[in-house]
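What follows is a short report on a single structure.
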Amino acid sequence: MNITFSRLEIQEVAKYHRLLLWSILAAIAVNLSRVSLEEPSIGLFVYVAASVLQIFALYKLGKSLKLSVTSMVLLMIGLLVPILGLLILLFMHDKAMKVMKSAGVKVGFMGADPNSI
């Protein structure tokens, strides 16, 4: 099943891909902070804040990539498992990269600039 994207849809994918990349950095920071922080309440706050960002980024990118509701719900549930959540975010990163590269968009380290598309 080959899905085609318009220019505006590719811009939306690029915008939410960048947000997903920030949430990947947050996931790495949370996983490191859970190991290094001695204060459990701060670690819990950081974990909840990063989880909200990850779920939001995954939802918006999944919607812009035209994923089914069932697969988005399963992926969001998987985000609750710490290392599995990171793997899910990397999977979505790969999916967005493939869509943008197939459209001929140059993608850099922190994604593509939505204004340049």
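Taken together, the values in this text are just the output of simple stated rules run on the coordinates, not laboratory data. Being a predicted model, the structure only gives us computed values, none of them experimental. Cβ sites come from the backbone with ideal geometry, for glycine too, and all protein chains shown count toward neighbours.
Placing a label point 7 Å from the Cα of Leu25 along the Cα-to-Cβ line, the residues of region 74-117 whose backbone N sits under 13 Å from it are 109-111.
Per DSSP H run of n ≥ 4, the term is -39500 (n - 2.57); total these for the chain, divide by its residue number, and report the mean residue ellipticity at 222 nm rounded to 500 deg cm²/dmol.
Details: 4 runs with 86 residues, N = 117.
Computed mean residue ellipticity for the chain: -25500 deg cm²/dmol.
Protection proxy ranking, highest mean first, for peptides 80-91, 99-110: 80-91, 99-110, where packing is the per-residue count of other beta-carbon atoms within 10 Å, averaged. Across q = 0.12, 0.18, 0.20 Å⁻¹, the chain modelled as identical point scatterers on its alpha-carbon atoms has Debye log10 I(q)/I(0) values of -0.44, -0.87, -1.02, in the order of the q list.
Evaluate the relative contact order of region 10-90 (contact order divided by residue number), counting alpha-carbon pairs under 8 angstrom at least 6 apart; express in whole percent.
Working: 57 pairs, mean separation 30.6, N = 81.
So the answer I get is 38 percent.
Return the FRET efficiency for the residue pair Leu32, Lys63: r is the Cβ-Cβ distance, R0 is 22 Å, and the value is rounded to the nearest 0.05. Result of the calculation: an efficiency of 0.15. Against the chain, whose longest principal axis comes from its Cα atoms, helix 82-102 is set at around 20 degrees. Gain on full extension, evaluated as 0.36 nm per residue between Ser116 and Val73 minus their Cα-Cα distance, stands at 12.3 nm. Between the alpha-carbon centres of region 51-91 and region 93-108 there is a gap of 18 Å.
Which entries in the list Lys60/Lys106; Lys63/Lys98; Lys60/Lys95 go over 18 Å, if you measure between the two C-alpha atoms of each? Please list the in-between numbers first.
On the way: Lys60/Lys106 21 Å; Lys63/Lys98 16 Å; Lys60/Lys95 14 Å.
Pairs exceeding 18 Å: Lys60/Lys106.
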